Amino acid sequence: MARRKTFYELLTEAINHFVDVGYTSETELQKWVVLLKKSADKTLRSPTLTSEEIRRALRSVYSRVVINGGKRQANISKFTLDKLKPTMRRDLERRILASANLIKLNREEAISNTLRRFQGWATSVPKGGSRVVDKRKEKENIRKPLTQMGFKERRVIIDQTHKFAASLNDVIATNSDAIAAEWNSRYRRIGYDYRPDHKERDSRLTGKIYAIRNNWAIKKGLMKASKAGYTDEMTMPGEEVFCSCTYTYIYALSSLPEEMLTTKGRALVASRKG
């Protein structure tokens, strides 16, 4: 059985053809487009394999946060955690499907952009061919969307797993009586393209603490929001594309800054210290 040509080899043949004879007809062009499309589809990793990787990654997050992480949450009871599991499990399945669909769309877009680049180049070659074409440069430019697909897939998986973890942590925290949260930006991480406004939210940098609206301590008149405001007045960690920020949740009144305690709250904290 003859070895199947790689996409690069087939693209080399296509470029050589048009360099030799130029653009002669739409029929000839489409013949090459069909061949390149089939080759590109086989070159990229199959959607089935990608879906399995996504499923493993998200299930790992679920296990880490809900199964193992939930056991370490001193503020959440087993009864509450068990009650939340069906909801979080449904979120897991939704995210697996959404992530797989996103990568599928990226895959289709990569193939489409590659073929569009090829057609744009091929139709620009005059009839009779050209001696001035930089074949290597054109090949790299045309196949660039395909070569970037592996990187894009990894970024989608990383981004979706972080979003899922942030969502699960939020569900657990709000159902285990968290009263506030500290924002942790990743602006110090080398190579991370952080958002300036997310850096401005960083609690370690600015001292800002964000209250969780309608929590038990607010309802009892023990605390209030600071000038930083509430968590629901801004995007959540991981909500925006490729955001790697996280929350550290606060459960005890004594962990709040003085300005967030009411007179009643300060008296309660003082009595407990005494």
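Data for the structure
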| quantity | calculated |
| --- | --- |
| Unsatisfied cross-links (Cα-Cα over 23 Å) in the set Lys219/Lys264; Lys85/Lys227; Lys224/Lys273; Lys83/Lys264; Lys37/Lys163 | Lys85/Lys227; Lys83/Lys264; Lys37/Lys163 |
| Helix 26-43 axis, angle to the chain major axis (alpha carbon atoms, nearest 10°) | 40 |
| Value of relative contact order over the chain, rounded to a whole percent, pairs C-alpha under 8 Å and six or more apart | 20 |
| Helix axis angle, 7-21 relative to the chain longest principal axis, alpha carbon, degrees | 40 |
| Using a Förster distance of 51 Å, the FRET efficiency for Thr248-Leu105 (Cβ separation, nearest 0.05) | 0.90 |
| Loop trypsin sites (Lys or Arg not before Pro), the stretch 197-256, which have at most 16 other Cβ atoms in a 10 Å radius of their Cβ (DSSP) | Arg213, Lys220, Lys224, Lys227 |
| Pair Glu259, Arg64: separation of 7 Å Cα→Cβ label points (nm) | 3.4 |
| Fully extended contour minus Cα-Cα distance, from Asn141 to Glu52, at 0.36 nm per residue | 29.0 nm |
| GluC sites (Glu not before Pro), loop per DSSP, at most 16 other Cβ atoms within 10 Å - longest free stretch of the chain | 1-238 |
| Charged-residue dipole, Cβ positions (Lys, Arg, Asp, Glu), the stretch 1-176 about Cα centre, Debye nearest 20 | 600 |
| Structure-derived semi-axes √(5λ) of the Cα gyration tensor in Å - corresponding label in [x] 23, 22, 21; [y] 56, 21, 12; [z] 42, 21, 17 | [y] |
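Only the coordinates and a few stated rules stand behind these numbers; no lab work does. Since the structure is predicted, the reported quantities are computational estimates derived from the model, not experimental observations. Heads up, the Cβs are rebuilt from the backbone with ideal geometry, glycines too, and the neighbour counts pull from every protein chain shown.
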